[in-house]
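Taking it in order: structure first as structure tokens, then the write-up.
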Amino acid sequence: MLRTLGVLTLSALLCAGATLSRADDSKSQIPGGIEGKVKMVDVENGKLTITTGDRDRTFTVTDDTVMVGPRGGKVRRHLKDPRFHEGFSVTVVAQGNKAT
């Protein structure tokens, strides 16, 4: 009886862990997003340069650009936010060279 209860509890924990890990993987994927690391931030001109693999890409960030932090909250300071530094991982959704 105790052995059966132990096996059921262990099975439930394993299933819950597998479900949580899949939820985290899908949460990190943004459809149409370009993943990279920040190379340079030009606050004065509203430009964000990221490195994607072996290529650098520069995007224009305007007041209409919606920026979301790692926990889903809006980044109100845009490029002035102290989190934007060289090497910071980002995902950019863009139309041409304009970040949306």
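Numbers at a glance
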item: Prolate/oblate/rounded call for the stretch 34-99, Cα gyration tensor, a/c under 1.5 rounded; result: rounded
item: Full-extension gain in nm, GLU44 to PHE88, via 0.36 nm per residue minus C-alpha separation; result: 13.9 nm
item: Contour excess over end-to-end distance, with Cα ends at ILE30 and THR60 and 0.36 nm allotted per residue; result: 8.9 nm
item: Proximal charge balance of MET67 [Cβ under 12 Å; K/R count +1, D/E count -1]; result: +2
item: Highest average packing first - 80-89, 47-56, Cβ atoms within 10 Å; result: 47-56, 80-89
item: Total formal charge among the other residues, if their Cβ is under 13 angstrom from that of ARG77, Lys/Arg +1 and Asp/Glu -1; result: +2
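Laboratory data are not the source of any read-out in this text; all were calculated from the coordinates shown. Nothing here was measured: the structure is a model prediction, and the numbers come from that model. With ideal geometry, Cβ positions are generated from the backbone for all residues, glycine too; neighbour counts draw on all protein chains shown.
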